[in-house]
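Below you'll find the structure, written out as structure tokens, and then a few comments.
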Amino acid sequence: MRNLRFRHAARTSALGTAALIAALSLTACEGGADPSPKNGAADSTSQESADTASDTTAATNTSTKGSGEKTAAGSGSDEVKGSGSDAADSSKKQPQADDDAQSLPTCNGKNTKVTITSVKRPVNHMLLTLTNSGSKACNAFYYPALRFTDAQAVPPVIEDSLPQAVVTISPGESAYAGITTSSADGSGQGGYEAEDLAIGFQNKKAEFMDGMVDVPLSKPVYIDSTLTVTHWQTEMDDALQY
């Protein structure tokens, strides 16, 4: 009888222990199941963050590379363009004289005579005539510096009027420059009547030479902020087309 009770108790104890182990195992499985998604989510988030960081780095590198290439191309392009433009402007600003003309003197107030006349067309234009009064041909470089009464600065030149070659004036012949005195539509500002005019000459280095020559005006000339002048031209019509 005692053995039967012992066996029954042992069996009950064994079953209880098995149930307890099963319950603990189930709890452990359920407890382990909860962190798994969290760990998975964390791992997924970490992976996404890593992928995002990687993509961001790649994008940054690509952007940097593109920017670098653009900057380099831009700088190069700008530099080439700037150099090209400067070179082109330089060649424009310095028309080439032929070999014979290279040794000729520069036209100035001592070997030339300057006159100014009004023209009907274009409106508000005047023609400046530079005649070689010397015994040797001379070069008329660039454009004349105009100084009307009370003028504060030399008026700008019309760059498009630059000739392809240096204007050489033989004795007795002339060169011409057109002057736009004021706007035809009245858009100019600060207009007034000038009673005097003097002009200056430039050398082959585009430097204004000392001394200006007075040019008599037959009557006062109305000028305003649109006052401009052309480069010296060999033909009268070329000087008046701007």
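Details
- Summed side-chain charge close to residue 242 - residues other than residue 242 whose Cβ falls under 14 Å, Lys, Arg +1, Asp, Glu -1: -4
- With a cut-off of 13 Å between beta carbons, the residues surrounding residue 220 carry a summed charge of -3, where Lys and Arg count +1 and Asp and Glu -1.
- Take 180-189, 141-150 and order them by the average number of nearby Cβ atoms within 10 Å per residue, most first; the result is 141-150, 180-189.
- A simple count of charges around residue 182, restricted to other residues whose Cβ falls under 13 Å of its Cβ and scoring Lys, Arg +1 and Asp, Glu -1, yields -3.
- Measuring nothing but how far apart in sequence close Cα pairs (under 8 Å, 6+ apart) lie, relative to its length, segment 114-242 scores a relative contact order of 34 percent.
- Centre-to-centre, using Cα atoms only, segment 132-147 and segment 177-242 are separated by 15 Å.
- Rounded to two decimals, the Cα-based Rg/Rh of segment 138-234, with Kirkwood Rh, is 0.97.
- Order by protection proxy (mean Cβ within 10 Å, highest first), peptides 154-160, 108-114: 108-114, 154-160
- One decimal place: the segment residue 222-residue 208 gains 2.5 nm when fully extended, by the rule 0.36 nm per residue minus the C-alpha distance.
- Whether segment 200-242 is rounded, prolate or oblate, judged on the alpha carbon gyration tensor where a/c under 1.5 counts as rounded: oblate
Any read-out appearing in this document is the output of simple, stated calculations on the displayed coordinates, not a laboratory observation. Please read all numbers here as calculations on a predicted model, not as lab measurements. As a convention, Cβ positions derive from the backbone with ideal geometry for all residues, glycine included, and neighbour counts pool all protein chains shown.
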